[in-house]
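S.K.: Would you mind keeping the following structure in view while I ask a few things?
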Amino acid sequence: MTNLLLENWNTPFDLPPFDKIEDAHFGPAMEAALEDGRAAIRAIAEAPEPPTFANTIEALELADATLDRVAGVFFNLAGSDSNPKRQELQRAFAPKLSAYSSEIVNNEALFRRIDDLWQRRDTLGLSAEQMRVLYLTHRGFVRSGAALEGAARERLTEVKSRLSVLGTEFTQNLLADEAGWFMELAEEDLEGLPDFVVSAARAAGEEKGANGPVVTLSRSLIVPFLQFSPRRDLRETAYRAWAARGMNGGETDNRGIATEVLALRDERAKLLGYESFAAYKLETEMAGTPEAVRDLLMAVWSPAKSAAEADADVLAKMMAEDGVNGPLEPWDWRYYAEKRRLAEHDLDEAELKPYFQLDAMIDAAFDCATRLFGLEFRPLDVTLYHPDARAWEVTRDGRHMAVFIGDYFARGSKRSGAWCSAMRSQKKLGGEVRPIVVNVCNFAKGDPALLSYDDARTLFHEFGHALHQMLSDVTYASISGTSVARDFVELPSQLYEHWLEVPEVLEKHARHAKTGEAMPRELLDRLLAAQTYDMGFQTVEYVASALVDLDFHDGAAPADPIAAQADTLARIGMPHAIGMRHATPHFAHVFAGDGYSSGYYSYMWSEVMDADAFAAFEEVGDPFDATLAAKLEQHVLSAGGSAEADALYTAFRGRMPGVEALLKGRGLLDAA
Ligand SMILES: [Zn+2]
């Protein structure tokens, strides 16, 4: 059978011929791609010639050409337009792909060649970018254990496989605890709850087979319940159940798993020659060391805590006026904070929405990119994978830069959330390839489609990631676009959100859907002021979790993580009425896998940078300053992972970021 995925496409911009690709093509194409990859790896590892940068590192860069092509199409469709067949393929591909990548890092002959090049690196006459790719390739192998021998190597494999079992168990226990609890509500218990909470509670009741509405432990239901329910007794019951996830005793208790995970991670780091798991994990991040992370978190902690304590006093007074005695408790905070929000920042979503038309916000994101980087966008008349997806050609001075696909509407076949992916990445090795970049969102349809302000921010956020791909200008695909440290990758996206707040952008693009009038200045001011409401609370609950995560992995593994968590909270003086955003037994970021272990801080690290980077434009008094925009492109948006993130940032800003702009942005500066 001919398989379109493996053939020349001969389409405009070499776009995948979506209307001709069939699901039946994916399985055989994936098999062929893995076979191609294996043959290429074998040819590199077993080559009789001594290793050179070209015959080893560049050959490795090109080894997955077919795989990248097939996977680029498949995983985009699996995420944005799934069906049972694609889900089945996804389950089948996962173990095959993970086996393939372990085969590569465990290929001893291949590693010997890479290591030989690394040892001789100064004699190879490499460019800075080539040196960087060699360094990253070698480091990736070493961090996976390629340099270990004998018993140490075997033990590392055991530790990794046990960790992956524990991660899955942790998640399943958490899901079981979340699914297993609900609280039935009588009709009178619904009093004070807004319609959307009542209907969510009724729907949850039906789903649970209860006789009426219920509160479950799903964040999208319990948080609004805690915000709106005037029944303090019910709030307490719900909150306590929510906080106890993963520590209810019995088979689904996660405390033992947490202890074992931390011990195994410590062992893994030491096998690989690192002082601690945090040292191992942070080596590849912009932060670099546990100390740098701690400095950041503590610089934010004190002002956040002061702000939260001042807020707690106000809320406690409101509670006393309600006739409730005793201290403000964690199940009271959201309720009184919501009452206060209504009094101080009454912002009606319905009043705002007509100003944020989807098409106008797409234009706004494009317009900012035109003014900053000279990019132009031309709609393309091509057939994509779904009628809702739209494509544009992106050019600059007549030169083709990228194809941008925007797929904005929610549908049953799309997973939730919003994301940016490259269906094809930019690179120059083997001939210049320009990227195909996709933004996927889950906005509600309408005529015209209207966004909330948060939706509009999401659109700008994902478009910032897209710029990182579309402006990429490197030779090697492994460092192209968003292939950067995890605590650096959100800089372009979070930074781009700031342009949505620029008054002249809103004046031009945020126009009323019916009247065409610009948003009134007073509404705009109220909108921006409401953005920083209750930031003391939000910052405290987040930073406490980030510090506990860091303490767990910096130094020897604790014998009792729950006691260690309590020690950390006591040391930093956690306010009584605020719980951690995620406590240990349900801290999935940290225990369900490795992604955010000693990495939970990174959300805030990125925010420090985006605030500090935008402050550069504020300092010169022009959000579209051409010199700064050129520097941002040169050192960040086009540079991918071609240098360490701190070097890239410093080249753009002239110094490393400070926390002042973040504190200002969160409205915490007065408390500092
Ligand atoms: Zn993002």
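The values are calculated or read from the model by the stated rules, or taken from the named source; none is laboratory data. All values reported here derive from a predicted model rather than from experimental measurement. We place every Cβ from the backbone using ideal geometry, glycine too, and count neighbours over all the protein chains shown.
S.K.: I want to confirm something. Restricting to the stretch 397-411 and keeping residues that are part of a loop (DSSP other than H, G, I, E, B) and within 27 Å of residue 86 (Cβ to Cβ), which single residue is nearest to the ligand (Cβ to nearest atom)? Outline the logic, then answer.
M.R.: The first filter runs over the stretch 397-411 and keeps only residues part of a loop (DSSP other than H, G, I, E, B), leaving 397-398, 410-411.
Narrowing the set further to residues that are within 27 Å of residue 86 (Cβ to Cβ) leaves 410-411.
Numbers: 410: 18, 411: 21 Å.
Filtering the stretch 397-411 for residues that are part of a loop (DSSP other than H, G, I, E, B) and within 27 Å of residue 86 (Cβ to Cβ), the one nearest to the ligand (Cβ to nearest atom) comes out as 410.
S.K.: Being crowded, with 18+ Cβ neighbours inside 10 Å, of a type in the set (A, V, I, L, M, F, W, C) and more than 22 Å from residue 480 (Cα to Cα): is that true of residue 422 here?
M.R.: no
S.K.: Quick test for you: out of 364, 312, pick the one residue that is crowded, with 19+ Cβ neighbours inside 10 Å, farther than 24 Å from residue 457 by Cβ and not polar (S, T, N, Q).
M.R.: 312
S.K.: Then there's this: What number of residues within the stretch 11-28 are within 31 Å of the chain's Cα centre (by Cα) and hydroxyl-bearing (Ser, Thr, Tyr)?
M.R.: So the count comes out to 0.
S.K.: Just one of the numbered conditions (1) over 25 Å from the mean Cα position of the chain (by Cα); (2) within 23 Å of residue 480 (Cβ to Cβ) is not true of residue 67; which one?
M.R.: Single failed check for residue 67: (1).
S.K.: Identify all residues within the stretch 159-194 that are more than 31 Å from the chain's Cα centre (by Cα) and charged (D, E, K, R); write none if there are none. Spell out the reasoning first.
M.R.: Applying the first criterion (more than 31 Å from the chain's Cα centre (by Cα)) to the stretch 159-194 yields 183-193.
Within the stretch 159-194, 184, 187, 188, 189, 191 qualify.
S.K.: Modelled with pLDDT of 95 or more, touching a helix residue (DSSP H, G or I) at 6+ places or on another chain (Cβ under 7 Å) and within 16 Å of the ligand (Cβ to nearest atom) - does that describe any residue in the stretch 389-396?
M.R.: no
S.K.: Across the stretch 81-96, what is the number of residues that are among the hydrophobic types (A, V, I, L, M, F, W, C) and surrounded by fewer than 16 Cβ atoms within 10 Å (Cβ to Cβ)?
M.R.: 2
S.K.: Same structure, new question: Consider residue 594 carefully, then state whether it is closer than 13 Å to residue 265 by Cβ and under 21 Å from the mean Cα position of the chain (by Cα).
M.R.: yes
S.K.: Follow-up. Filtering the stretch 505-519 down to residues that are of a type in the set (D, E, K, R) and in contact (Cβ under 8 Å) with a residue 12 or more places away in the chain, which residue is farthest from the ligand (Cβ to nearest atom)? Full working, then the answer.
M.R.: Looking only at the stretch 505-519, we keep the residues that are of a type in the set (D, E, K, R), and these are 507-508, 511, 514, 517.
Restricting the remaining residues to those that are in contact (Cβ under 8 Å) with a residue 12 or more places away in the chain gives 507-508, 511, 514.
Working: 507: 27, 508: 25, 511: 27, 514: 33 Å.
Within the stretch 505-519, the match that is farthest from the ligand (Cβ to nearest atom) is 514.
S.K.: When the stretch 229-259 is examined, which residues are found to be among the charged types (D, E, K, R), in a helix (DSSP H, G or I) and under 29 Å from the mean Cα position of the chain (by Cα)?
M.R.: First pass over the stretch 229-259, keeping only residues among the charged types (D, E, K, R): 231-233, 235-236, 240, 245, 251, 253, 255.
Remaining after also requiring in a helix (DSSP H, G or I): 232-233, 235-236, 240, 251, 255.
Within the stretch 229-259, 240, 255 qualify.
S.K.: Is there a residue in the stretch 393-403 that is surrounded by fewer than 16 Cβ atoms within 10 Å (Cβ to Cβ) and touching a residue at least 40 places away in the same chain (Cβ under 8 Å)?
M.R.: There is at least one residue in the stretch 393-403 that is surrounded by fewer than 16 Cβ atoms within 10 Å (Cβ to Cβ) and touching a residue at least 40 places away in the same chain (Cβ under 8 Å).
S.K.: While we're here: Can you tell me which residue within the stretch 469-498, out of those that are more than 22 Å from residue 134 (Cα to Cα) and surrounded by fewer than 24 Cβ atoms within 10 Å (Cβ to Cβ), is farthest from the ligand (Cβ to nearest atom)?
M.R.: It comes out as 498.
S.K.: Which condition does residue 63 not pass, out of (1) more than 23 Å from residue 104 (Cα to Cα); (2) touching a residue at least 24 places away in the same chain (Cβ under 8 Å), if it passes all the others?
M.R.: For residue 63, the exception is condition (1).
S.K.: Out of the helices (runs of 4 or more DSSP H) lying entirely within the stretch 266-371, which hold 2 or more residues that are at pLDDT 95 or above?
M.R.: Fully inside the stretch 266-371 and qualifying: 277-282, 290-321, 330-344.
S.K.: Moving on. Name the single residue that is surrounded by the fewest Cβ atoms within 10 Å (Cβ to Cβ) among those in the stretch 444-466 being farther than 20 Å from residue 481 by Cβ and within 16 Å of the ligand (Cβ to nearest atom).
M.R.: Taking the candidates together, the pick is 454.
S.K.: Tell me, please, whether a residue that is free of Cβ contacts under 8 Å to residues at least 40 places away in the same chain, assigned to a helix (DSSP H, G or I) and not acidic (Asp, Glu) can be found in the stretch 478-488.
M.R.: No, the stretch 478-488 has no match at all.
S.K.: Could I ask something else about it? Enumerate the pairs (first residue in the stretch 337-360 and under 12 Å from residue 526 (Cβ atoms); second residue anywhere and of a type in the set (S, T, N, Q)) with beta-carbon separation below 8 Å, excluding pairs fewer than 6 apart on the same chain, so at least 6 apart or on different chains.
M.R.: 352/452
S.K.: What do you reckon, is residue 534 modelled with pLDDT of 95 or more, away from the ligand (no atom under 16 Å from the Cβ) and charged (D, E, K, R)?
M.R.: Considered against the rule, which asks whether it is modelled with pLDDT of 95 or more, away from the ligand (no atom under 16 Å from the Cβ) and charged (D, E, K, R), residue 534 comes out as no.
S.K.: Here is a further query. Tell me which helices (runs of 4 or more DSSP H) are completely within the stretch 9-86 and hold 2 or more residues being modelled with pLDDT of 95 or more and within 22 Å of residue 386 (Cα to Cα), or say none if there are none.
M.R.: It comes to 26-45, 65-80.
S.K.: To continue, here is another question. If you check residue 557 against the conditions, is it surrounded by fewer than 20 Cβ atoms within 10 Å (Cβ to Cβ) and either in a loop (DSSP other than H, G, I, E, B) or free of Cβ contacts under 8 Å to residues at least 60 places away in the same chain (or both)?
M.R.: no
S.K.: Separate question: Restricting to the stretch 320-336, count the residues that are in contact with an Asp or Glu (Cβ under 8 Å, 6 or more places away or on another chain) and buried (at least 21 other Cβ atoms within 10 Å of the Cβ).
M.R.: Qualifying residue count for the region: 1.
S.K.: Show the residue pairs that are 6+ apart or on different chains and have beta-carbon atoms under 7 Å apart, the first residue being within the stretch 256-271 and within 18 Å of residue 170 (Cα to Cα), the second being among the hydroxyl-bearing types (Ser, Thr, Tyr) and part of a helix (DSSP H, G or I).
M.R.: From the stretch 256-271, the pairs are 258/584.
S.K.: Read through the list (1) within 16 Å of the ligand (Cβ to nearest atom); (2) without any contact (Cβ under 8 Å) to a residue 60 or more places away in the chain, then give the number of the only condition that residue 522 fails.
M.R.: (1)
S.K.: If we keep just the residues of the stretch 412-439 that are assigned to a loop (DSSP other than H, G, I, E, B), closer than 29 Å to residue 85 by Cβ and in contact (Cβ under 8 Å) with a residue 60 or more places away in the chain, which is nearest to the ligand (Cβ to nearest atom)? Full working, then the answer.
M.R.: Restricting attention to the stretch 412-439, the residues satisfying the condition of being assigned to a loop (DSSP other than H, G, I, E, B) are 412-418, 425-426, 428-432, 434-435.
Filter once more, keeping what is closer than 29 Å to residue 85 by Cβ: 412-418, 425, 435.
Filter again for in contact (Cβ under 8 Å) with a residue 60 or more places away in the chain, leaving 413-415, 425.
On the way: 413: 22, 414: 17, 415: 15, 425: 17 Å.
Here the residue is 415.
S.K.: Check 53, 13 and return the single one that is of a type in the set (Phe, Trp, Tyr) and farther than 19 Å from residue 112 by Cβ.
M.R.: Among 53, 13, only 13 is of a type in the set (Phe, Trp, Tyr) and farther than 19 Å from residue 112 by Cβ.
S.K.: Sort out which residues of the stretch 98-122 are without any contact (Cβ under 8 Å) to a residue 24 or more places away in the chain and of a type in the set (A, V, I, L, M), and write them in order of number.
M.R.: Once the filter is applied, which keeps residues that are without any contact (Cβ under 8 Å) to a residue 24 or more places away in the chain and of a type in the set (A, V, I, L, M), the stretch 98-122 yields only 99.
S.K.: Another question about this same structure. Quick one: how many residues across the stretch 419-453 are aliphatic (A, V, I, L, M) and under 24 Å from the mean Cα position of the chain (by Cα)?
M.R.: Qualifying residue count for the region: 8.
S.K.: Restricting to the stretch 273-283, name every residue that is surrounded by fewer than 18 Cβ atoms within 10 Å (Cβ to Cβ) and of a type outside the set (D, E, K, R).
M.R.: Matches in the stretch 273-283: 273, 274.
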